[in-house]
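Throughout, read-outs are computed from the coordinates displayed, never taken from laboratory work. Owing to the predicted nature of the structure, the values given are computational and were not obtained by experimental measurement. Every residue, glycine as well, gets a Cβ built from its backbone with ideal geometry; the counts of neighbours run over all protein chains shown.
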Amino acid sequence: MTLLPNPMFERSPLILFIEDDAVFRRLMLAYLELWGARVIEVDNGDEGLSLVAELAPDLVLIDLRLTAANGLAVIACLKQDYPALPVIAISGQKKMSNVARALRAGAEDYLVKPIRNWSLVADVITACLRPDPRRIFDELNEHLAFFRREDMAASRLCKGLRQLPERDLGAWQLSYRQNSPWVLAEYVRLDQDLLLLLAEFDPLSMDTPVVMALMTFLLHEPQRQHQSGSLLNHPGRTLEYINGLILDTGLNCRMNLALYRLQANSNKVVLANGGMAGNDWLARCDAGPLGAGIFNASQLSYPCSYPFDLTLHGGFGGEIQLTARHGVP
């Protein structure tokens with residue numbers, strides 16, 4: 001047996017493993033822990049159901065042919081009480097009818113024993129741990145409903161989103177200034193690189209506090225996907241993604257937004273722009289403000305050096321000044 005050498009899961013997910021084959025259970029446990037998961041192992045469905053209520057795992061792995069209980073019945077109970085909990089079925093039965101029954105019971109995916117490709121197992125689990133876009137959208141709508149009802153709460157949250165004038169993110173040091181409460185800067189580390197989101201919002205729109213409060217939420221969903229195909233590797237696609245979510249929620253708010261990916265090792269910056277102004281590079285890839293309808297972003301790459309200085313202007317009078325430095329942490 002050759003074990004994979006490095007952790008593969010982010011944030012040490014808690015996985016409940018329900019399996020009455022002790023040998024296979026120990027083998028799976030070794031891989032899961034090597035990949036960075038925390039694991040609770042049980043040999044029967046009843047105990048598994050009790051532990052879900054008590055410990056709230058991030059994912060459940062369950063054998064369909066448990067001696068003490070029918071795995072399909074346990075899956076059905078789990079999905080009835082915890083519909084958002086990802087469940088992966090495991091079985092030595094390879095018939096498509098068995099796979100179909102497991103999926104109809106609510107399983108997100110199906111693994112067949114004996115397992116020979118353990119990398120595939122890690123990929124299946126990783127995919128199930130990612131938030132379902134439908135659940136993301138439902139959560140977003142819940143936030144929208146709350147902040148639209150509670151305008152004061154949205155305004156307080158907007159104030160809390162204001163960035164500190166100085167900030168360290170590993171090897172990156174940022175200095176930030178703004179001249180308006182309706183501008184926002186967000187930073188996301190991508191391995192050694194840094195993504196800057198710099199936005200200005202319409203101060204006259206009733207939905208502006210809601211959009212500002214949700215911007216971090218919108219940005220960090222593609223961050224959770226960034227290890228596998230990564231929206232955030234492509235600032236232009238990320239702008240289109242954010243614009244689409246804003247339109248889908250029915251928000252009536254325009255914003256000017258630029259994304260910069262600062263590359264630590266190549267001294268290059270990749271940028272996409274939706275309505276901000278400040279230099280020729282921004283003007284060359286300006287797709288116009290977000291929130292207006294169909295939005296086709298493009299992106300450019302150009303050389304840079306550190307410290308990297310930016311001064312950006314929006315269409316509503318807002319200004320952002322930012323300096324990014326990169327060095328050994």
Explain nothing, just compute: Karplus ³J(HN,Hα) = 6.51 cos²θ - 1.76 cosθ + 1.60, θ = phi - 60°, for every residue of segment 109-125 in order, whole Hz, x for Gly and Pro. 7, 9, 10, 10, 8, x, 8, 10, 9, 6, 4, 5, 4, 4, 5, 5, 5
For segment 272-294 and segment 43-85, write down the distance between their C-alpha centroids in whole Å. 49 Å
Contour minus Cα-Cα span, V124 to R284, at 0.36 nm per residue, comes to 53.5 nm
Please list, in chain and number order, the residues 5+ apart from G92 or on another chain whose amide H is under 5 Å from its amide H, with Hs placed from the backbone. K113
Residue by residue, what Karplus-based ³J(HN,Hα) values in Hz, rounded to whole numbers, does segment 295-300 have, using 6.51, -1.76 and 1.60 with θ = phi - 60° and x for Gly and Pro? 9, 10, 8, 10, 9, 10
Could you work out how much longer the chain between D248 and S301 gets when fully extended? Use 0.36 nm per residue separation minus the Cα distance between them, nm to one decimal. 16.1 nm
Would you please give the residues with an amide H less than 5 Å from that of E41, counting only those at least 5 places away or on a separate chain, with H modeled from the backbone geometry? F17
Amide H contacts under 5 Å for L190, placed H, 5+ residues apart: L195
For a Förster distance of 41 Å, can you work out the FRET efficiency between the beta-carbons of R189 and L27, rounded to the nearest 0.05? 0.70
